[in-house]
Amino acid sequence: MKILLIQPPSPPNIIGEGVAFLSEPLALEIIAAGVQHHEVKILDMRIESNLRRELENFQPDVVGTTSYTPGVYQAQNVLKKAKDYNPDILTVIGGIHATVMPEDFNKEYVDVIVIGEGDETFKELVDAYQKGEEFGNINGIAIRENERLIFAQPRKLISDLDQMPLPARHLVEKYRGEYFR
């Protein structure tokens, strides 16, 4: 299974990003670490903006992104473009805004909303998708059905961080020189 994780472009009026700092997409690196048994790429659209080219070259089965509140529209746009490119791509959103305001992603181009910690949830989701299984017994997600969100049971917080894999930092190696504080 091919998974493309995307750090959306920066919102136009965010203070400091790209001027005072540009942090690596650590949340996506952590999510990627849990699905290394699949082919995973990270596209940082704050640095490299050609989403269409990446979709054409990589041909992902799954596109996932994340969002803080100021970047909701950028994240929505990423998923819309992915779904417009290929309606069969499974589109997934996670992050803090998706957790506290999942309704903002109740869109026809968003297949799954990950709520809470996505580490285990995303892995279970991708594995179920690969096997052609339903998502009904995956905790920590919301799925759009008949223009409404259907919420699964909440996922318990990860209690033993020592059992988690280290972030897949090698996936952003090509951008390493662009990150700064």
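Taking the conditions (1) open to solvent by less than 40 Å² (accessible area, probe 1.4 Å); (2) under 22 Å from F180 (Cα atoms); (3) out of contact with any Pro (no Cβ under 7 Å at 6 or more places or on another chain) in turn, F21 satisfies each one other than (1).
In this structure, E108 qualifies as over 21 Å from N139 (Cα atoms) and of a type outside the set (S, T, Y).
Quick one: is N139 in a loop (DSSP other than H, G, I, E, B), touching a Pro at 6+ places or on another chain (Cβ under 8 Å) and not aromatic (F, W, Y)? So N139 passes the test. Annotation note: Cβ proximity below 7 Å between a residue of the range 46-61 that is under 26 Å from A128 (Cβ atoms) and free of Cβ contacts under 8 Å to residues at least 60 places away in the same chain and a residue that is among the β-branched types (V, I, T) and surrounded by 15 or more Cβ atoms within 10 Å (Cβ to Cβ) (sequence gap 6+ or interchain) occurs for L51/V78; P60/I3; P60/I89. Looking only at residues in the range 109-132 that are in contact with a helix residue (DSSP H, G or I) (Cβ under 8 Å, 6 or more places away or on another chain) and either open to solvent by 70 Å² or more (accessible area, probe 1.4 Å) or of a type in the set (A, V, I, L, M, F, W, C) (or both), which one is farthest from V72 (Cα to Cα)? Per the stated criteria, the residue is F122. With the requirement that a residue be surrounded by 10 or more Cβ atoms within 10 Å (Cβ to Cβ) and assigned to a loop (DSSP other than H, G, I, E, B), what does the range 147-181 give you? Listed by number, the residues that qualify are A152, Q153, P154, R155, K156, I158, M164, P165, P167, A168, Y179. For the range 1-10, check the following and say yes or no: at least one residue is open to solvent by 20 Å² or more (accessible area, probe 1.4 Å) and assigned to a helix (DSSP H, G or I). Within the range 1-10 (the criterion being open to solvent by 20 Å² or more (accessible area, probe 1.4 Å) and assigned to a helix (DSSP H, G or I)), the answer is no, since none of the residues qualifies.
The values are calculated or read from the model by the stated rules, or taken from the named source; none is laboratory data. Just so you know, these numbers come straight off a predicted model, no measurement behind them. Glycine also receives a Cβ, built like all others from the backbone with ideal geometry; neighbour counts cover every protein chain displayed. Surface areas here come from the heavy atoms of the whole protein model, side chains and all, with no ligands, DNA or RNA. Shrake-Rupley method; radii C 1.70, N 1.55, O 1.52, S 1.80 Å.
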